[in-house]
Structures are given as C-alpha cells and as structure tokens.
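The values are calculated or read from the model by the stated rules, or taken from the named source; none is laboratory data. Keep in mind that what you see is a predicted model, and the values were worked out from it rather than measured. Cβ: placed from backbone, ideal geometry, glycine included. Neighbour counts: every protein chain shown.
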Amino acid sequence: MPETPFIITIDAEGDDLWASPREITTRNAEYLPRFQSLCERFCFKPVYLANYEMAMSGFFVEFARDVVARGAGEIGMHLHAWNSPPLDPLTSDDLRFHPYLIEYPEAVMKEKIRILTHLLEDRLDQEMISHRAGRWALDARYAAMLLDEGYRVDCSVTPGVDWGRNPGDPDGNGGTDYTDFPDRPYFLNPSDISAPATGALLEVPMTVRSSGLYRKAPWAYRIPLLRQAAHRVSPKLSWLCPTPLLEKHNLNAMLRVARAARAEGAVHLEFMLHSSELMPGGSPTFKDASEIERLYEHLEMVFEDLAGWCRGTTLKEFHGWFSNGARLNDLH
C-alpha cells in the first residue's frame, strides 16, 4: 500500500510574471483543468496556492470551488507583495523589482496578509489554512502574522537554497537564506524559523536534494573557476519539479530526486509548479505547445512511478496526519 505522503503544490498566479508585465492577465487558469484531471487519475490532490490576481479571476474561482467541493484538492494562499493590496509602493517600480513581502513595513505586511486571506475566503467560501510566501521569502514576523490569521501550515522553505542573491528591493538584502534549514516537516520555532519546536505553524519544506558530487566535494561549488563546470556535471541542488535547464533530461531528474528522498526515508515528497507553466508561452520554461506536451509526458511517467509508493494528500490533510503522529525526536 502506498505510504509516503505526496503533496503537489501549484503556485496559482498570473501569466509569465517573469517578464514583469505592466498588466497582469490570468489566461493560464483555463489550462488548470487538464492538470487536475491528470492528478485525479493517480488519486493525487493538488494544492493551488492562489495570489491576488487569481483570487480575482472568475474562471479560477469557479474551477477552485469545484475542486474543493469534490474533495479533489485544496486552495491556499500565495502572496505577491508588489501587486496585492494595499498598494503602498516600496520601490520606484514595484512591478519591475518584485520586492519581497518581508521588505515592507510590518503594518503593511499585516494588512496585505489580512486582505488577501479574507478575499480568498470570501470568494471561495472556505477557511484558508495553507500558505506559501511569494518568491519563497519567509521570516519570523511573517510566520507570526500567518498564525494570527489562522494559518496552520506553510510550505515556503527550500532547504539548502540561499535566496540572498535574488534581489527584491534594490536597496534590500535579497531573499531568505535556507541553507541550513531542515528538509523534513517540523513545527517551526516562533523566534527561529529554522529550528523545530512545539508550535502551531507546521513547515512542510519543498523536496530539494543535494547531488552526490556536492556531498563528496562541496569545495568544487565554492571555487569560481570550478563552479560552472561542477554544475554542468551535477547541479548542486535538484528540486522535485520540472527543470528548464535540464529539459531533455527532466524526467530522469525528477525521478532521481524522488527516489533519493525515498532512499533517505523522507517523511514526505513535495512537488511544485507554477500555474502559468501549464500554458504555452505562459512562462520562459515551456514556450510552445510541443514543450507543454513533453511536460505532460514527463509528468505522467513521474506520477505513475510515485503512485506505486506514495499517497496523495493536501497540505491541510498532511497537517492533520502529522499533528496526530509527529514526534520532534523523529525529525533529527
């Protein structure tokens, strides 16, 4: 019987936000039913983490209501600070720089979280439990604000990844450094979100695994003259998600990450994708219909493999299961 919880997370957001559009559209919502059908064939339950423009999309709201009504998935919150009200500019051009929520004043942070949470709850007629930070940026203040709004599970942590070199506000310090964060689920410490504790907010990290080469020779990734060659041979970190840089080898890369996690006794697997990556031209990742078809071919094979040893679950369901059976000692 499949045992390992498998969580599919989709950042449901506007079309090709990588291009910093001045007017954000949501045509990609119309491509979600095909992905949902694929997941349901394997008894998997996607979690659609919706941002402001998706909350305002009539098509997405209708789609999301149906998914939830049938118990076929979950809707959570995903906040992009630069276009989520209240629109208090932080930089000279927030739509260009995409500043992190954690770079805004605390009063603005709280209000953005409150407004989007209530908007989603009103539009979807359900309580928001699950969350992922926009651009993966989380800190202790943000976690405390989520708890105040009733959230119980977060999936913003990307173990081993340092987002500090990814700027938001040009005068800021970049994103969150998750280099030394746990790769297993844990209740985060309110004063140190990297430390397991007895708490109310469960962190369910993204499935990210370091390569064998990195584990054997981490120094090769620190020396400028060797770093590029080392990444070509074996990327330092691999995610359980489609990887554009490895497009031709994408299938094997995803299977390798999943199987490595299984061999290491992972408590869970977490997959992610952006909703716009399911639409031709909706992202820099998959630019035309043929690339989307190849993506689906790979997803079908990955899901078929995982269905033999994983059970589909939502973040909300995982929170209930983990809360009932978790022991902090098991996380070390």
Q: State whether one or more residues within segment 183-190 are farther than 19 Å from residue 269 by Cα and surrounded by fewer than 22 Cβ atoms within 10 Å (Cβ to Cβ).
A: yes
Q) Looking at segment 83-130, which of the residues that are among the basic types (Lys, Arg) and in contact with a helix residue (DSSP H, G or I) (Cβ under 8 Å, 6 or more places away or on another chain) is nearest to residue 58 (Cα to Cα)? A) 123
Q.
Can you say whether residue 120 is at pLDDT 95 or above and either out of contact with any strand residue (DSSP E or B) (no Cβ under 7 Å at 6 or more places or on another chain) or in a loop (DSSP other than H, G, I, E, B) (or both), as far as the supplied structure shows?
A. no
Q | Selection count, segment 280-294, where residues are in contact with a strand residue (DSSP E or B) (Cβ under 9 Å, 6 or more places away or on another chain) and not small (Gly, Ala, Ser) | A | 1
Q: For segment 1-14, name all the residues that are in a loop (DSSP other than H, G, I, E, B) and either under 21 Å from residue 299 (Cα atoms) or of a type in the set (Ser, Thr, Tyr) (or both).
A: 2, 3, 13
Q. Being more than 22 Å from residue 10 (Cβ to Cβ), in contact (Cβ under 8 Å) with a residue 60 or more places away in the chain and more than 20 Å from the chain's Cα centre (by Cα), is that true of even one residue in segment 155-170?
A. yes
Q | Every residue from segment 246-287 that is charged (D, E, K, R), more than 18 Å from the chain's Cα centre (by Cα) and either farther than 20 Å from residue 208 by Cα or not in a loop (DSSP other than H, G, I, E, B) (or both) | A | 247, 248, 256, 259, 262, 287
Q. Can you pull out the strands (runs of 3 or more DSSP E) entirely within segment 124-219 that have at least 3 residues that are within 26 Å of residue 94 (Cα to Cα) and modelled with pLDDT of 95 or more?
A. 130-133
Q) If you take the residues of segment 76-117 that are in a helix (DSSP H, G or I), among the acidic types (Asp, Glu) and free of Cβ contacts under 8 Å to residues at least 40 places away in the same chain, which of them is surrounded by the fewest Cβ atoms within 10 Å (Cβ to Cβ)? A) 106
